[in-house]
1. Calculate, for residue 131 and residue 48, the FRET efficiency according to 1/(1 + (r/R0)^6) with r their C-beta to C-beta distance and R0 30 Å; round to the nearest 0.05.
2. Distance in nm between label sites at residue 110 and residue 208, each 7 Å beyond Cα in the beta-carbon direction?
3. Treat the count of other C-beta atoms within 10 Å as a stand-in for reagent exposure and order 177, 82 from fewest to most.
4. Based on the Cβ-Cβ distance from residue 124 to residue 171, what FRET efficiency comes out when R0 is 45 Å, to the nearest 0.05?
5. To make sure I understand, if each residue's beta carbon is the centre and we count other beta carbons within 10 Å, what order do 192, 150 fall in, fewest to most?
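Read the figures in this text as sums done on the coordinates, not as results from a lab. Predicted model, so just to flag it, every value in this text is computed and none were measured. Note that we place each Cβ from the backbone using ideal geometry, even for glycine, and neighbour counts take in every protein chain shown.
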Amino acid sequence: MESQFGIANVWIQGDFVTRAVAILLLAMSLASWIVILVKALDIIKFKKHARAAQDFWHSEDFAAGLTKLGADPTNPFRHLAMEGREATAHHRNTKAHLHDSLDVSDWVTRCLRNCIDEFTARLSSGLAILASVGSTAPFIGLFGTVWGIYHALLAIGTSGQSTIDKVAGPIGEALIMTALGLAVAIPAVLGYNALVRGNKSILNGLNSFAHDLHAYFVTGARVNAGEPGKVLPMKKGG
């Protein structure tokens, strides 16, 4: 004999508002998991690119370094290197622009920073969905619970049966909506925190790479952070 209580019964016995809340929570959960999975795969990919970027400075010239970075157009390290190269060439080969009042160091810094800012915005896309779901899902579930309790009490009052066995079932079903709201919010919050930490790690590596690129394009050598004052030369290539 099938149970008269449970999530299925909440859907069957619920009105338009109850079903709308359930559908909304389901949609929010799906959106959260899609964002978490897509962004997690991106972080894994970018971390592989970050490891490959360490080999860039062991290349004989710039062209060989680009080859080691791979041909993936979404690789932020490759894009940053190419942006720095183009910025340096553009500054040195043109004379009729306002940016000529800047020295090459300031110009390369500006271009690399713009590139990092664009990547940061792309890396952070979707996190607003997780933040919104994590902050609103519990309250949406609570609204469903309040609405369900209200209608359960009306039904109990109309029937005139207020014994514990008649009250516990409908009230318990209404509380399921709060549980669903928490089940949607908790993964969203945990996913948001994990993705923020992963993004921070990637951006730290990208900023360090940009610092080395800046030194290379301005001085012709990479600064050795481990030993101040020393540089790691690398031939400039096309």
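1. So the FRET efficiency works out to roughly 0.65.
2. For residue 110 paired with residue 208, the spin-label model returns 2.9 nm.
3. Sorted ascending by nearby Cβ count, the order is 82, 177.
4. So, using R0 = 45 Å, E works out to roughly 0.60.
5. 150, 192
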